[in-house]
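Read the structure below first, then the notes.
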């Protein structure tokens, strides 16, 4: 399997203003993907494209910036901006049924970014592994929090099982997008170096 170098895609020596702009762009991307939401009548957890956004943020922004982007997203929702799924905001989101998932988002974005940063070469298999591990983190934290409200077995049936197939498609899609984009960026950088 062909490998690509992810290390060349990192931007070093960014100014503080650029860092803030990257974080705000990331939180805006996550907010936009959150609006693509399908409420499910049998569970309080909607189906969204948030996880796809998290995986891509981790792959392209790196661990720290991606995690900060998600934290900014949570702060925006806390202060009344309609960034959460379905265009909602909630100052007390950390007390609700979705709190575990939202906290898991920070760790998931960080984890994907960290796996990409750990190696100068990235493969599709590594991306799939990182995104699957990040998905597991979101499931575990979301499940734990949801179980306080609905019980253990119901949390599994309402907060994990209905999403397994769709989330697997999100993982595959995000890994393919990230791998293809990183590969094109590497080729572009190597062309620029030869000029």
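Every number in this text was worked out from the coordinates using simple rules, so none of it is lab data. Quick caveat: nothing in here was measured; it's all calculated off a predicted structure. We place every Cβ from the backbone using ideal geometry, glycine too, and count neighbours over all the protein chains shown.
Listed values, structure above:
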{"item": "Most mobile of 63, 27, 120 in a GNM of the chain (Cα contacts under 10 Å)", "result": "120"}
{"item": "The chain: calculated mean residue ellipticity at 222 nm from DSSP helix runs of at least 4, using -39500 (n - 2.57)", "result": "-23500 deg cm²/dmol"}
{"item": "Proxy reagent accessibility, fewest Cβ within 10 Å first, across 152, 105", "result": "152, 105"}
{"item": "Order of 73, 22, 101 - criterion: other Cβ atoms within 10 Å of each residue's Cβ, fewest first", "result": "22, 101, 73"}
{"item": "Three-way shape call for the range 11-164 based on the alpha-carbon gyration tensor, with the a/c threshold at 1.5", "result": "oblate"}
{"item": "Most fluctuating residue given options 132, 88, 78, as computed from a GNM of the chain linking Cα atoms under 10 Å", "result": "88"}
{"item": "Highest-MSF residue in the chain out of 165, 85, 130 [GNM, Cα springs under 10 Å]", "result": "165"}
{"item": "Percentage relative contact order, the range 110-195, counting C-alpha pairs under 8 Å, at least six apart", "result": "30"}
{"item": "Fewest-first ranking of 41, 163, using other Cβ atoms within 10 Å as the exposure measure", "result": "41, 163"}
{"item": "Percent RCO, i.e. relative contact order, over the chain, from Cα pairs under 8 Å lying at least 6 residues apart", "result": "27"}
{"item": "Whether the range 119-195 is rounded, prolate or oblate, judged on the alpha carbon gyration tensor where a/c under 1.5 counts as rounded", "result": "prolate"}
{"item": "Alpha carbon centroid spacing (whole Å) that separates the range 151-176 from the range 46-82", "result": "18"}
